[in-house]
Amino acid sequence: MNKNNVMVFVQQDDGVVADVSIELLCKARELADSLHVSVEAAFLGDKLAAAAKALLAYKVDRVNLMQSEHLAHYTPLPYTQVMVDLIKEREPQIVLYGATTTGRDLGPRIASALKVGLTADCTDLQIGDHELGGTTYKNILYQIRPAFGGNIIATIVSPEKKPQMATVREGVMKLTAQEPGYKGEVIEYKPGIGVDLLVSQILESVREEKTVNLKGAQIIVAGGMGAGSKEGFDQIVKLAQALNAEVGASRAAVDAGWVNKAHQVGQTGTTVRPKLYIACGISGSIQHRAGMAESSRIIAINSDPQAPIFQIAHYGIIGDLKDVIPAFIKAYKNKA
Amino acid sequence: MGLNIVVLVKQVPDTKNVTGKAMKDDGTVNRAALPAIFNPEDLHALEAALRIKDAHPDTRVNVITMGPPAAAQVLKESLFRGADFVALITDRKFAGADTLATSYALSCAIRKIGAVDLVLCGRQAIDGDTAQVGPQTAEKLGMNQITCVSDIAELDAKKRTISARRSIEGGFELVKAKLPVLLTVTDEGFEPRPPSARRVMMYKNAVASASNDASYDECYMNASACADDDIIALWDIASIKADPEACGLAGSPTKVKKIDSVVLTAQDIRMVDASESGIAALVHELIADHTIG
């Protein structure tokens, strides 16, 4: 197979592939099609043969399966070495990583070892040309990300070095349809990992089942500081229950201890795009808006008419949550 | 048994508190108007180092920052809290550095300090939020790393091992590693101590230049131009033996192609009366078009 492809680091935790990796395989297919190249996956772990085969349905042309007992659980040194060796062999033009705690631990180490660029936390990727010092670089990767606390959107390029690498946030790339029976291949490697790399030991690992599904929610009712108290926030939860919606929150409400961090929407939380987003007592900081501005419809309820949230809302209600929320619940129960 | 610790810190514009004053008329942020602060997670990293020093009295806490002369302020604040040695890496040739070039310069400075047991830094800086400089510095030093650390469960200076709690999605892992190792620290633990009054008196005149410089990004100067005492070490590119080709813009594979300011776009908002009838009409409309079921 030709080289110069688009590669995705496919993250697995206890054999389960991370959602963001699947999203990236879908995006990689789109990028590879426009570049007329193939999609490769780098899949590291142990006992992953069946999972590797299942990746092919995402229109992956080549799964590079790297198996070793020392790769079963992520640690930085062995993963870095195996990835660096693979990238040197396969010479991809683009490598993408999920911007997870694993991807953000691994990506920078690989970039440093290869002396290539890496752009963190991208929210969009495009292909285009770039002029630099009189040279036009054709079909390079535009790595688009918020910076400066979300106050600016920067387009970053790294035209002179290959591969071009980026970490990408979960939830921003859309899933496309699978194609069962897609003709790709799984190429197995048994990487040797020196004992000098086995310097980290995982003594304990606790990962709670996701009980909050913000990303997949059709309706989100989210609360912020305007809730005023835990009791006030509980009213917001009641509205969510009445509408069969998921509960979201601003960072301020999470920091106040009214709701678990798993509910946080925004730049440091989850990126969402539901059919309906009801923002209750959320002022609408740029960090929060970054995570919800693409909702199909936004209703803002706030007692402060100057709150920035009204500038991106489709419907605005200026009023006290204590009055508006019960009225909302009552109206819904009467109509439904 | 004491340890030799390096803490990497950064002075950053306070992007988390963008007030009206920092907004331009067109709705974009005037970055130069933001106050310069000690990057929040770096303060937690410093606290982690100081707690190790509290428990292991012979420990030496070295604090390094790279930036323009005004960044000396974060070193001063480190001295107030208990740092033993502070150094400002400053040189025009560092300007325009991306994370790769930054981590290279920092690794050169750490090598100048000598045999180091632990390197600590914040997980990420609030101006870029990349979280890349920590791991890249570790790689340049050939050092292991533990990122997103919220607590150190155990540090055995004799056996030279450390166990740290690392935050991951939906939980944590407890990682045991051999020294030396680089840790990036989150703001979940290590609540920073306030400056010590005694140390403030001792070091308040440590640096002359501590004002907020409006041209933060551009004002790299020659180290020699602003050195008038030796409490804060000033290191330029030659003194850390860094290759100029690997520093600053020249050593940065990533280039900024374009910057778009985020503008609050007012769209057609429909105001709904907060009365029961107003809300009932809205709910009816949402049900009618199947937005809610």
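Under the convention that each Lys and Arg Cβ holds +1 and each Asp and Glu Cβ holds -1, the size of the dipole of the stretch B:46-190 around its Cα centre is about 580 debye. Identify, among B:Ile146, B:Asn4, A:Pro78, the residue whose Cα sits farthest towards the positive end of the charge dipole of the protein assembly as shown, taking +1 on the Cβ of Lys and Arg and -1 on the Cβ of Asp and Glu, with the dipole about the Cα centre. Towards the positive end, the residue furthest out is A:Pro78. Over chain B, the hull volume per residue, using the convex hull of the C-alpha atoms, is 197 Å³. Counted by neighbouring Cβ atoms within 10 Å, the residues A:Val63, B:Val200, A:Val254 run from fewest to most as B:Val200, A:Val254, A:Val63. Partner aspartates and glutamates whose Cα lies under 18 Å from the Cα of A:Lys330, excluding those fewer than 8 positions away in the same chain, are identified as A:Asp234, A:Asp320, B:Asp273, B:Glu276, B:Glu285. Here the ratio of the Cα radius of gyration of the stretch A:32-101 to 2.2 N^0.38 Å is 1.14.
List B:Arg166, A:Arg297 from most exposed to least, where exposure is judged by having the fewest other Cβ atoms within 10 Å. Write out the running numbers ahead of the final one.
Values: B:Arg166 23, A:Arg297 17.
In increasing order of surrounding Cβ atoms, one gets A:Arg297, B:Arg166.
Compared with the dominant Cα axis of chain A, that is its longest principal axis, helix A:19-35 is turned about 60°. Note on the stretch A:6-197: percent of Cα-Cα distances in each 10 Å bin, starting at 0 and stopping at the bin with the largest distance, equals 9, 38, 37, 13, 2. Normalised by 2.2 N^0.38 Å, where N is the number of residues, the alpha-carbon radius of gyration of chain A equals 1.12.
For the residue pairs B:Lys10/B:Lys112; A:Lys230/A:Lys322; B:Lys93/B:Lys204, the alpha carbons lie more than 22 Å apart in B:Lys93/B:Lys204. Answer with one residue from A:Gln178, A:Leu203, A:Val237: the one whose Cα lies farthest towards the positive end of the charge dipole of chain A, charges on Cβ with Lys, Arg +1 and Asp, Glu -1. Among A:Gln178, A:Leu203, A:Val237, the one farthest towards the positive end of the dipole of chain A is A:Val237. My understanding is that a pair violates if its Cα-Cα distance is over 21 Å; which of A:Lys162/B:Lys255; A:Lys190/B:Lys178; A:Lys161/B:Lys241 do that in this structure? Pairs exceeding 21 Å: A:Lys190/B:Lys178; A:Lys161/B:Lys241.
Just checking the listed ones, B:Asp14, B:Asp268, B:Asp58: in the Gaussian network model of chain B with Cα springs under 10 Å, the one fluctuating most is B:Asp268.
Past the 36 angstrom mark, what percentage of all C-alpha to C-alpha distances in the protein assembly as shown do you count? Of the Cα pairs, 41 percent sit more than 36 Å apart.
Mean-square fluctuation check for chain A, GNM, Cα pairs under 10 Å: which of A:Glu208, A:Glu30, A:Glu160 is largest? Per the Cα network of chain A with a 10 Å cutoff, A:Glu208 tops the list. For every helix of n ≥ 4 consecutive DSSP H residues, a contribution of -39,500 (n - 2.57) applies; sum these over chain A, divide by its total residues, and give [θ] at 222 nm rounded to the nearest 500 deg cm²/dmol. After summing the helix terms and dividing by residue count, I get -8500 deg cm²/dmol.
Quick check: the distance between the Cα centres of the stretch A:14-63 and the stretch A:130-192, to the nearest angstrom? Between the Cα centres of the stretch A:14-63 and the stretch A:130-192 lies a distance of 14 Å. Quick one: which of A:Lys210/A:Lys238; A:Lys115/A:Lys210; A:Lys3/B:Lys257; A:Lys261/B:Lys53; B:Lys53/B:Lys159; A:Lys215/A:Lys261 span more than 25 angstrom between C-alpha atoms? As for pairs spanning more than 25 Å Cα to Cα, those are A:Lys115/A:Lys210; A:Lys3/B:Lys257; A:Lys261/B:Lys53.
Each principal axis of the Cα atoms in the stretch A:219-335 has its own extent, and those three values, largest first, are 37, 28, 26 angstrom.
Only the coordinates and a few stated rules stand behind these numbers; no lab work does. Computed from a predicted structure; not experimentally measured. Note that each Cβ is placed from the backbone with ideal geometry, even for glycine, and that neighbours are counted across all protein chains shown.
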